[in-house]
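No lab work stands behind these numbers, since they all come straight from the coordinates. Since the structure is predicted, the reported quantities are computational estimates derived from the model, not experimental observations. Methodologically, a virtual Cβ is constructed for each residue, glycine included, from the backbone with ideal geometry; neighbour enumeration extends over all protein chains shown.
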Amino acid sequence: MSEHIFTGSANDIKIPLKVVIARLGFKGMEKIPNEFEVLFERAERILRESAKPCAISKDFPVEESTGNILKLRDLTLTGNFVRKFLRDSTLITFILATIGHEVDEEIEKAHRTGDELLSYFIDGIASELVEYWVRYVDGILRREKKNMVGSMRISPGYGDIDMRLNQWIVKNLDGSRIGVDVIEDSWILVPRKSISAMIGWKRS
């Protein structure tokens with residue numbers, strides 16, 4: 001089974017400004033309003049200094065595929081989303097990505113000191129940062145598997161994909177190597193700015 005560990009820098013992750021503007025609640029605007037520019041720049045600087053993007057990907061061969069059921073090793077995937085996006089896949093790549101605990105700490109620190117707007121800005125920009133970090137990793141995987149057709153990248157919690165899948169992903173990718181764990185009973189990943197995902201592959 002092929003496995004990769006990725007590391008990067010927040011400075012290398014390019015997020016379209018219009019995406020960040022919309023995330024922060026200024027949808028339809030071309031730029032950050034003047035009265036928020038200094039705050040926005042401060043939040044960006046904090047993220048550049050605190051974010052530590054890293055990710056793990058690991059391939060698992062599909063052992064059995066029938067309709068809306070996929071079996072791989074000790075995992076069975078079922079449901080409408082499996083049928084729609086992963087049907088006929090011969091290989092599933094699982095991804096676990098994060099921008100680190102320090103980002104959560106900066107969001108909480110701003111909240112704790114009463115700077116709610118700064119906390120909101122860091123939180124919003126960080127959400128896009130981890131998303132675009134996963135897109136970056138996704139792009140590398142697709143270039144490496146250019147002889148295969150990849151599905152849309154989907155995550156636990158999408159449609160009818162059970163959030164409990166996060167437990168399996170963290171365990172089987174050994175998320176501790178990049179500081180990622182899952183909260184039992186809620187199956188939410190920690191640090192908060194972390195994403196799990198999977199891509200199905202079939203021969204072109």
Subject >> Estimated FRET transfer efficiency (ASP160, ILE188; beta-carbon r; R0 22 Å; 0.05) >> reply: 0.75
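Let's see if you can work this out: charge +1 on each Lys and Arg Cβ, -1 on each Asp and Glu Cβ, no other charges. What is the dipole magnitude of the chain about its Cα centre, in debye to the nearest 20?
1000 debye
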Subject >> GLU64-ASN147 pseudo-label distance in nm [points 7 Å out on the Cα-to-Cβ vector] >> reply: 2.9 nm
Original post:
Against the longest principal axis of the chain, how steep is helix 37-50, in degrees 0 to 90 to the nearest 10, with axes from Cα atoms?
Top reply: 50 degrees
**OP:** Find which of CYS54, PHE81, ALA22 sits farthest along the positive direction of the dipole of the range 21-94, computed with +1 on the beta-carbon of Lys and Arg, -1 on that of Asp and Glu, about the Cα centre.
**Re:** PHE81
**OP:** Excluding residues on the same chain fewer than 8 positions from LYS146, give the aspartates and glutamates whose Cα lies under 20 Å from its Cα.
**Re:** GLU3, ASP59, ASP88, ASP138
**OP:** With 5 Å bins from zero, work out the P(r) of the range 97-140 over every alpha carbon pair and list the percent per bin.
**Re:** 6, 23, 26, 19, 13, 8, 4, 1, 0
**OP:** Starting from the Cα-Cα distance between VAL19 and GLU3, subtract it from 0.36 nm times their residue separation and give me the gain in nm to one decimal.
**Re:** 2.7 nm
Original post:
Can you give the FRET efficiency for LYS202 and GLU102, using 1/(1 + (r/R0)^6), R0 = 45 Å, r = Cβ-Cβ distance, to the nearest 0.05?
Top reply: 0.70
Original post:
Between ARG112 and GLU30, what length in nm is gained on full extension when 0.36 nm per residue of separation is reduced by their alpha carbon distance?
Top reply: 26.4 nm
**OP:** Take each of the peptides 90-97, 11-18, average the number of other beta-carbon atoms within 10 Å over its residues, and list them starting from the highest.
**Re:** 90-97, 11-18
Original post:
Counting pairs of alpha carbon atoms under 8 Å apart in space and at least six apart in sequence, what relative contact order in percent does the chain give?
Top reply: 26 percent
**OP:** Kindly provide the helix-only [θ] at 222 nm of the chain, computed as the sum of -39,500 (n - 2.57) over DSSP H runs of four or more divided by all residues, to the nearest 500 deg cm²/dmol?
**Re:** -11000 deg cm²/dmol
Original post:
Given the C-alpha centroids of the range 89-141 and the range 55-88, what is the distance between them in whole angstrom?
Top reply: 26 Å
Subject >> Dimensions in Å of the chain - Rg and Dmax from alpha carbons >> reply: 18.2, 57
Original post:
If r is the Cβ-Cβ distance from ASP181 to ARG42 and R0 is 22 Å, what FRET efficiency results, to the nearest 0.05?
Top reply: 0.15
